[in-house]
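In what follows, a single structure is set out as structure tokens and then discussed.
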Amino acid sequence: MTRPTPPDHQLEMSGAEFTAMVDAAMERIAAHVDSLPVQPSHHLEGAAALARALEEPLPERGSSLDELLHTLFNRAVPTSFNTAGPGYLAYIPGGGLLHSAVADLIADAVNRYTGVWLAAPGLVQLETNVLQWLAEIVGFPASALGVLTSGGSLANFSAVVTARVDRLPEDFLDGTMYVSDQAHHSVVKAATLAGFPQRNVRIVPSDERFRMRLDALGAAIAKDRRAGYRPFMVVASAGTTNTGAVDDLRGLADLAATEHLWYHVDAAYGGFFALTERGRRVLAGMERADSVTLDPHKGLFLPYGTGSLLVRDGRLLRRAHATEGAYLPAMQDRTEFVDFCQVSPELSRPFRGLRLWLPLRLVGVGAFRDALDEKLDLARHVSRELDRMRGIEVIVEPELSIVVFRASGDGPDAEGTNALNRRLLDAVNRRGRVFLTGTTVGGRFLLRVCVLSFRTHRDRIEQCLEDIRAALTEVL
Ligand SMILES: *Cc1c(COP(=O)(O)O)cnc(C)c1O
């Protein structure tokens, strides 16, 4: 017989009660995880009806855990993109390492405060270690400092603010920055959030391989200087979202140095390929950046919610973000120890470091290198096989793990060819084994295969190729 919980204890749980709850949730999670390969690659039928059916009032009283788990696993979760499954080749993939899920459980259950060093020096040190590992992967010197963010967008935001504070006066509205027409939209968003009018972000054209044109960049900078602007920053893409193109990182490093620009490399998608030998070659020059964005929730396969910014001269990251509050504990004035609130827009924050520390310590970085190498191989395989398919045109050799292609169509009718390719995309996805997305580059609608899930292997890639072949016959 259980005694009724006293009203002032209703939110508390004993260790045993917590275990029972986690066990009940685990039963659902385990079944879900084991079924990932046979779940459809995406399922959105009845989406609006489902969303409406799930509207609910603020609950005055509780319900049973069973009922709530049922709502989650039987109703809400299944109507979605299967972002964790092996067939997810859309956008820039998901996956979601389960080691990190365990890390989140631990981090939330102990709920220590990692915004300031003094509140949990050991845990902050573990996250600092993680950031040093990331700096090492980039090839940065020991002076580098970094911060884990919620994603690449926030990392790009902090990069723009850091560059602005370092390179421009407080009145900065004549500062101009340069990105290619293939840059991620979060860079322009970062600039506007950092206070720049959108027109101060110069969009530089890219070449036939979708890389920023250095001649056009040089010309744009010269023109702006003549007009009295202050060029202060150039953002390179190390793996564009559209096609996976990597800018000429060495050429841009040289140009940024000559022009005294802050050199930021947005390597949110591509950066972790530096763990592999091929990736390191493609990314050569990244180590010369002033700052680099890396997304562990892309290239390290983490669950969504972890990006990072690494800054070559850590003092500049601190200068842009440090503030004081009389109510805060004493901050560290030694460079040895970091208060994360001094290098980030956040004060209170989740203990993100554990999501990286636990998997990296458990399995070692070698397992990640092997997985990334496998993705490079798979993308090359896709590209070769598509190249052999009659009626399919591979737009550009993959540099990393994104392959862009399209059905060539049979005439100069651009709209007709685009429509054909939209039908092709639908016909592939309708088969439910893989989920691809498209993009429009230079007026051409292209299909993308982005291989970046640790669960995607050769067998699923063969299914992807089979489905493209079959879909092509269907729509032609
Ligand atoms: C994904 C991506 C971003 C944005 O990152 P989020 O983690 O989604 O905020 C920025 N730049 C590039 C190149 C990306 O691939």
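The values are calculated or read from the model by the stated rules, or taken from the named source; none is laboratory data. The shown structure was predicted, so the numbers you read here are calculated from the model rather than taken from an experiment. Here Cβ is always computed from backbone atoms with ideal geometry, including for glycine, and neighbour counts include all displayed protein chains. These accessible areas exclude ligands, DNA and RNA; they are computed on the full protein's heavy atoms, side chains included. Shrake-Rupley method; radii C 1.70, N 1.55, O 1.52, S 1.80 Å.
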Check: Which condition breaks for residue 59 when tested against (1) out of contact with any strand residue (DSSP E or B) (no Cβ under 9 Å at 6 or more places or on another chain); (2) open to solvent by less than 80 Å² (accessible area, probe 1.4 Å)?
Finding: (2)
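Can you go through 440, 417 and tell me which one is of a type in the set (Val, Ile, Thr), in a helix (DSSP H, G or I) and over 19 Å from residue 83 (Cβ atoms)?
Numbers: 440 fails: in a helix (DSSP H, G or I).
It is 417.
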Note to self: Could you go through region 139-152 and let me know if any residue there is open to solvent by 20 Å² or more (accessible area, probe 1.4 Å) and free of Cβ contacts under 8 Å to residues at least 12 places away in the same chain.
What the structure shows: yes
Next item on the list: With the condition kept exactly as written, say whether any residue in region 146-160 is within 16 Å of the ligand (Cβ to nearest atom) and assigned to a loop (DSSP other than H, G, I, E, B).
Entry: yes
Item checked: Answer from 306, 276 - the residue that is open to solvent by less than 40 Å² (accessible area, probe 1.4 Å), within 23 Å of residue 452 (Cα to Cα) and away from the ligand (no atom under 14 Å from the Cβ) -> 276
Notebook entry, point to check: On the given criteria, is residue 319 part of a helix (DSSP H, G or I), assigned by TED's automatic domain parsing to the domain that holds residue 209 and surrounded by fewer than 18 Cβ atoms within 10 Å (Cβ to Cβ)?
Noted result: yes
Notebook entry, point to check: Is it fair to say residue 355 is assigned to a helix (DSSP H, G or I) and either outside the structural domain of residue 238 (by TED's automatic domain parsing) or closer than 18 Å to residue 239 by Cα (or both)?
Noted result: no
Check: Has region 443-454 got any residue that is outside any strand (DSSP E or B) and farther than 20 Å from residue 242 by Cβ?
Finding: yes
Margin query: Just checking, does region 123-139 include any residue being within 16 Å of the ligand (Cβ to nearest atom) and more than 20 Å from the chain's Cα centre (by Cα)?
Written below: no
Notebook entry, point to check: What are the residues in region 118-133 that are β-branched (Val, Ile, Thr) and touching a Ser or Thr at 6+ places or on another chain (Cβ under 9 Å), if any?
Noted result: 124, 130
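Listed residues 366, 416, 442, 432; which is surrounded by fewer than 14 Cβ atoms within 10 Å (Cβ to Cβ) and at positive phi? Working first, answer last.
Values: 366 fails: at positive phi; 416 fails: at positive phi; 432 fails: surrounded by fewer than 14 Cβ atoms within 10 Å (Cβ to Cβ).
Just one listed residue meets the conditions, 442.
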Notebook entry, point to check: Out of region 235-266, which residues are among the hydrophobic types (A, V, I, L, M, F, W, C) and within 11 Å of the ligand (Cβ to nearest atom)?
Noted result: 235, 236, 238, 245, 246, 265
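Taking the options 224, 207, 181, name whichever one is surrounded by fewer than 21 Cβ atoms within 10 Å (Cβ to Cβ) and within 16 Å of the ligand (Cβ to nearest atom).
Details: 224 fails: within 16 Å of the ligand (Cβ to nearest atom); 207 fails: within 16 Å of the ligand (Cβ to nearest atom).
None of the others qualify; the one that does is 181.
With respect to residue 338, determine if the residue is over 16 Å from the mean Cα position of the chain (by Cα), under 11 Å from residue 148 (Cβ atoms), of a type outside the set (Ser, Thr, Tyr) and away from the ligand (no atom under 16 Å from the Cβ).
Working: over 16 Å from the mean Cα position of the chain (by Cα): yes; under 11 Å from residue 148 (Cβ atoms): no; of a type outside the set (Ser, Thr, Tyr): yes; away from the ligand (no atom under 16 Å from the Cβ): yes.
Taking the combined requirement at face value, the residue does not satisfy it.
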